[in-house]
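Asks: One structure, pasted below without further comment.
The values are calculated or read from the model by the stated rules, or taken from the named source; none is laboratory data. Just so it is clear, the structure is predicted and the values come from calculations on it, not from any experiment. Glycine gets a Cβ as well: all are built from the backbone with ideal geometry, and neighbour counts include every protein chain shown. Heavy atoms of the whole protein, side chains included, go into the accessibility calculation; ligands, DNA and RNA do not. Shrake-Rupley method; radii C 1.70, N 1.55, O 1.52, S 1.80 Å.
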Amino acid sequence: MLFANPNAVRQPYPEALGEIMSIAKAHQSRDWLAHWSGLNRGSTPLYDLPDLAAELGVGQLLVKDESQRSSLGSFKALGAPIALVRLVLRRFPEHNFNVRALLAGEYAEALAGFTVISATDGNHGRGLAAAAQSLGCRCVIVLHANVSVEREQAIAAYGAEIVRIAGNYDESVEEAAALAFRNGWLVVSDTSYDGYEDIPRDVMQGYGTIAAEIVEACEQGFTHVFLQGGVGGLAAGIVSYLWELQGAQRPTFVVVEPVQADCLYQSALAGRAATASGSVDSVMAGLACGETSPLAWRFLQPSVDFFMTLHDDEAVLAMRRLAAGSERDVPLLAGESAVAGLAALQCLAKAPGQAAELGLNGSSRVLLVSTEGATAPGVYAELVGESAESVLGRQREWLARTR
């Protein structure tokens with residue numbers, strides 16, 4: 001389903017939003033992250049896929065591949081570490097911690113009694129666990145019933161203590177808050193709620209690194225940017241950067257989410273932060289969120305031009321298409337939540353009227369962010385019919401052949 005947001009505006013980036021998130025703060029976060037051993041050096045690739053662009057009827061299609069950000073396999077490696085660093089700096093001002101030394105674990109003794117906790121569908125918890133391990137503080141992660149054992153094991157590998165509940169994601173958020181209250185721990189969440197905005201802001205600001213790298217790599221810019229939904233944090237982090245940079249000439253922004261986890265779509269309909277209308281359970285695990293982050297919504301309501309929902313089988317088809325590659329398109333390892341933008345484009349290619357409503361045509365330059373690789377390798381292989389290792393092997397062969 002497609003909804004044109006009546007509240008979207010084209011004007012300079014509002015000063016009030018700039019006080020919350022800005023290009024300057026995004027660059028500071030990026031500089032800090034450059035010193036963290038948990039990330040691979042340099043920018044992640046921005047791939048041009050001309051054959052897929054031709055299939056979809058657009059002029060150019062570029063995909064930012066966040067699967068190569070780190071061993072964590074997703075963009076979440078950018079948000080949680082920045083939020084944790086800023087939290088520690090606020091919490092212990094008397095220590096005057098040096099950020100580079102902090103990320104290197106040089107203050108582990110001072111942080112040994114400090115505990116952070118979060119609920120997660122997998123990737124955020126893995127990023128937080130890795131960051132906590134680097135800093136030397138304790139980390140507790142709450143997982144709901146639908147988080148795979150593979151994802152649990154990947155988080156536990158970074159030393160996090162795991163708490164399992166029987167409910168869904170939103171119930172795991174409630175459990176994390178209750179445990180934090182009882183034990184004096186601090187929640188590091190990527191979604192905001194009343195009285196809790198500083199940490200989600202810092203998480204979103206970390207995602208500005210993605211936008212900064214894209215701008216450096218592509219001088220021409222884009223006409224359309226398709227972004228994943230979830231609670232809205234990734235979209236807000238990228239939208240805010242590009243809106244501040246380009247002002248009224250910003251691209252058309254489209255946010256995509258599962259039909260059963262449509263909290264942002266419902267927010268657009270209601271004109272305020274709202275909850276999902278469905279079961280929330282989706283193969284797109286990272287987007288299976290029932291409640292919009294009110295802080296993220298402050299950025300998305302005036303900037304996102306269209307909200308769109310998908311069915312799970314449409315995401316699976318997009319995963320397979322990226323994995324397949326072609327003569328001119330590099331094979332890409334893209335997980336279940338990574339492909340929402342492509343799946344939306346594939347649907348629009350079959351609906352010329354809706355594509356025209358978005359202004360998509362043979363002159364369009366479209367940006368997608370592939371937010372994760374095979375963060376659950378067993379699930380990936382089952383859905384795509386090929387292992388992650390096999391796809392990466394074909395990717396290496398393609399890159400060697402075309403260089």
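Asks: Net charge near TRP185: determine it from the other residues with C-beta under 13 Å of the C-beta of TRP185, scoring Lys and Arg +1 and Asp and Glu -1.
Replies: Values: positive: ARG91, ARG138, ARG182; negative: GLU161, GLU175.
Around TRP185, the charge tally is +1.
Asks: What is the extension gain from ARG100 to GLN28, computed as 0.36 nm multiplied by their sequence separation minus the C-alpha to C-alpha distance, in nm to one decimal?
Replies: Taking 0.36 nm per residue and subtracting the Cα distance, the gain is 24.7 nm.
Asks: Tell me the mean residue ellipticity at 222 nm calculated for the chain from its helices only (DSSP H runs of n ≥ 4, each -39500 (n - 2.57), averaged over every residue, nearest 500). Present the calculation step by step, with values, prior to reporting the outcome.
Replies: Numbers: 19 runs with 184 residues, N = 403.
The helix-only estimate for the chain comes to -13000 deg cm²/dmol at 222 nm.
Asks: For the range 292-403, what mean projected area does the convex hull of the alpha carbons give, in nm²?
Replies: Values: hull surface 35.6 nm².
Mean projected area for the range 292-403: 8.9 nm², to one decimal.
Asks: On to the next question. Between ALA318, ALA157, ALA16, find the one with the highest GNM mean-square fluctuation for the chain; connect C-alpha pairs within less than 10 Å.
Replies: Per the Cα network of the chain with a 10 Å cutoff, ALA16 tops the list.
Asks: Let me check something: with ligands and nucleic acids excluded, how do LYS76, LYS350, LYS64 order by accessible area (1.4 Å probe), largest to smallest?
Replies: Numbers: LYS76 30, LYS350 165, LYS64 5 Å².
The ordering from most to least exposed comes out as LYS350, LYS76, LYS64.
Asks: Taking Kirkwood radius over Cα pairs in Å as the quantity of interest, determine which of (1) 23.9; (2) 22.8; (3) 21.0 was computed from the displayed structure.
Replies: (3)
Asks: Ignoring ligands, DNA and RNA, how do THR223, THR275, THR44 rank by accessible area with a 1.4 Å probe, largest first?
Replies: On the way: THR223 40, THR275 80, THR44 10 Å².
Sorted by accessible area, descending: THR275, THR223, THR44.
Asks: Could you compute the net charge surrounding ALA340? Neighbours are other residues with a C-beta less than 10 Å from the C-beta of ALA340; K and R count +1, D and E count -1.
Replies: Values: positive: none; negative: GLU257, GLU314, GLU336.
That sum, taken over residues with Cβ under 10 Å, equals -3.
Asks: Just the Cα atoms of the range 258-323: what Rg and Dmax do they give in Å?
Replies: Every Cα atom of the range 258-323 included, Rg and Dmax give 12.5, 37 Å.
Asks: Right, here's the next one. For LYS350, give me every one of the lysines with a C-alpha distance below 30 angstrom, ignoring sequence neighbours fewer than eight places off in its own chain.
Replies: Leaving aside lysines fewer than 8 places away in the same chain, those within reach of LYS350 are LYS64.
Asks: Over the range 1-119, what per residue volume does the convex hull of the Cα atoms give, in whole Å³? Don't skip to the answer; put the middle values down first.
Replies: Values: hull volume 23.8 nm³, N = 119.
That works out to 200 Å³ per residue.
Asks: Give me the dipole magnitude in Debye, nearest 20, for the chain about the Cα centre, with unit charges on the beta carbon: positive for Lys and Arg, negative for Asp and Glu.
Replies: Values: 29 positive and 45 negative charges, 159 e Å.
The calculation lands at about 760 debye.
Asks: Can you pull the percent of Cα pairs in the range 123-235 with separation above 17 Å?
Replies: Details: 3963 of 6328 pairs.
The proportion of pairs with Cα distances above 17 Å equals 63 percent.
Asks: For the range 289-347, what class follows from the C-alpha gyration tensor (a ≥ b ≥ c being the square roots of its eigenvalues): rounded when a/c is under 1.5, otherwise prolate if a/b is larger than b/c, else oblate? Before the final figure, lay out each step's value.
Replies: On the way: a/c = 2.58, a/b = 2.21, b/c = 1.17.
Prolate, since a/c reaches 1.5 and a/b exceeds b/c.
Asks: Where only protein heavy atoms count, and the probe is 1.4 Å, what is the accessible area per residue for the range 183-316 in Å²?
Replies: On the way: 3900 Å² over 134 residues.
Heavy-atom SASA per residue in the range 183-316 reads 29 Å².
Asks: Taking the Cα centre of the range 249-403 as origin, sum charge times position over the Cβ atoms of Lys and Arg (+1) and Asp and Glu (-1), and report the length of that vector in debye to the nearest 20.
Replies: Details: 12 positive and 17 negative charges, 140 e Å.
Value, rounded to 20: 680 debye.
Asks: Next up: Taking every pair of distinct Cα atoms and averaging 1/r, then inverting, what Kirkwood hydrodynamic radius in Å comes out for the range 202-324?
Replies: Values: mean 1/r = 0.0676 Å⁻¹.
By the Kirkwood definition, the hydrodynamic radius is 14.8 Å.
Asks: By the scheme Lys and Arg +1, Asp and Glu -1, what is the net charge of all other residues having a beta-carbon under 12 Å from that of THR223?
Replies: Numbers: positive: ARG250, ARG365; negative: ASP305.
Here the charged neighbours net out to +1.
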